[in-house]
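A quick write-up on the structure given underneath.
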Amino acid sequence: MQRQLATMKQSLFDQGYLDEQFVQLEELQDEVNPNFVEEVVTLYYRDSVRLVQNLEQALEKNPLDFSKLDSYMHQFKGSSSSIGAKKVKIECTQFREYCRTGNGEGCKRTFQQLKKEYATLKKKLEVYFQFARQVGPVEKARRPK
Amino acid sequence: MDGAVGFVEEPHVLAVDDNLIDRILVEKLLKNSSCKVTTAENGQRALEYLGLVENNQTSSNDNASKVNMIITDYCMPGMTGYELLKKIKESSVMKDVPVVIMSSENVPTRINKCLEEGAEMFMLKPLKFSDVKKLRCQFLCSSTVRAS
């Protein structure tokens, strides 16, 4: 079962959903905080709900306030980057680039893509954590190849 | 404490970041490096903790003297990490405490500005364990920590 878990994790990395930062999180997990990664990821999703809402509302305004949009996205990118959410981070970067060039359509399009990646990752991680809990505490994180 | 050689057992670090996830991460990174950690979500709260508000050097608390290092995010609403750094360097109580600035953006002018103002180091986010270990060795070993 541990091998299945490792395979699951490897595939998340291979498909580009997660990056090295996720491994950093796992390395922080210890007896004091045995569920650290899951807790942080859960908090990320809970905390970013309001950012998503803020972005949604801001994208409905006319004209768009690119500075505000960029500011929200800076926050979002920061958190996403901190948990290793690679695809989400890529969309955040793209969004900020569109803010920089004042491309409203680009922002809107990218935001839709971002929400998709954000939701997909959430589902995949839910499955992963569920499985991880069944497997039980594993020794220190193994780096994916 | 009997002036032992080697690391100070549990240096106290004040970590300032407006991002919740980053606050949690930096706290855990520091705790895993045997540091005692206090977090603040913005510059104002950090200054209040240190008893440095209103340029009042006679702190109503002695937190300031117990803090061995401050690590702060650069981009924060209200008061940036740079502004916080300046206030700390202006304080007679805190000016010798190492301040490290973190940022998710690699902007050379920003980095130079902070270093010129007296920041010991500028680190790119997200922080890794190796970054924190480096900080721990460089700024928080007994020869550089003043006696509390």
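Numerical summary
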{"item": "Verdict on B:Ser65 being at pLDDT below 85 and more than 14 Å from chain A (Cβ to nearest Cβ)", "result": "no"}
{"item": "Of all residues in segment B:88-119 being polar (S, T, N, Q) and out of contact with any Lys or Arg (no Cβ under 9 Å at 6 or more places or on another chain), the one that is nearest to B:Ala15 (Cα to Cα)", "result": "B:Ser91"}
{"item": "Odd one out for B:Glu105 among (1) in a loop (DSSP other than H, G, I, E, B); (2) under 17 Å from B:Asp22 (Cα atoms); (3) in contact (Cβ under 8 Å) with a residue 40 or more places away in the chain", "result": "(3)"}
{"item": "Total residues in segment A:68-89, condition farther than 18 Å from A:Leu121 by Cβ and of a type in the set (D, E, K, R)", "result": "2"}
{"item": "Extreme residue, most open to solvent (accessible area, probe 1.4 Å), among residues of segment B:111-135 that are within 14 Å of another protein chain (Cβ to nearest Cβ) and of a type in the set (Lys, Arg)", "result": "B:Lys133"}
{"item": "Verdict on B:Leu85 being within 16 Å of the chain's Cα centre (by Cα) and closer than 13 Å to B:Val16 by Cβ", "result": "yes"}
{"item": "Unique match (being within 14 Å of another protein chain (Cβ to nearest Cβ), over 23 Å from B:Pro77 (Cα atoms), β-branched (Val, Ile, Thr) and in contact (Cβ under 8 Å) with a residue 12 or more places away in the chain) among A:Val37, A:Val127, A:Val135", "result": "A:Val37"}
{"item": "Any hit, segment B:29-49, residues being more than 14 Å from every other protein chain (Cβ to nearest Cβ) and modelled with pLDDT under 85", "result": "no"}
{"item": "Long-range neighbours under 7 Å by Cβ, at least six apart or interchain, first residue at negative phi within segment A:47-67, second of a type in the set (Val, Ile, Thr) and open to solvent by less than 100 Å² (accessible area, probe 1.4 Å)", "result": "A:Asp47/B:Ile21"}
{"item": "Sole exception among (1) closer than 17 Å to B:Val37 by Cβ; (2) within 14 Å of another protein chain (Cβ to nearest Cβ); (3) at pLDDT below 95 for B:Gly78, by number", "result": "(1)"}
{"item": "Matching residues, segment A:16-33, being surrounded by 12 or more Cβ atoms within 10 Å (Cβ to Cβ) and more than 14 Å from chain B (Cβ to nearest Cβ)", "result": "A:Tyr17"}
{"item": "Checklist (1) open to solvent by 90 Å² or more (accessible area, probe 1.4 Å); (2) not in a helix (DSSP H, G or I) applied to A:Glu126, failing item", "result": "(2)"}
{"item": "Residues of segment A:66-116 that turn out to be within 13 Å of chain B (Cβ to nearest Cβ), of a type in the set (S, T, N, Q), within 18 Å of A:Gly16 (Cα to Cα) and open to solvent by 50 Å² or more (accessible area, probe 1.4 Å), as a count", "result": "1"}
{"item": "Residue satisfying condition, being within 13 Å of another protein chain (Cβ to nearest Cβ) and of a type in the set (Asp, Glu), within set B:Glu83, B:Glu105", "result": "B:Glu105"}
{"item": "Wholly enclosed helices (runs of 4 or more DSSP H) of segment B:16-101 bearing at least 3 residues crowded, with 19+ Cβ neighbours inside 10 Å", "result": "B:20-31, B:43-50, B:81-90"}
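The values are calculated or read from the model by the stated rules, or taken from the named source; none is laboratory data. Since the model is a prediction, treat every value here as computed from it, not as a measurement. Glycine also receives a Cβ, built like all others from the backbone with ideal geometry; neighbour counts cover every protein chain displayed. Heavy atoms of the whole protein, side chains included, go into the accessibility calculation; ligands, DNA and RNA do not. Shrake-Rupley method; radii C 1.70, N 1.55, O 1.52, S 1.80 Å.
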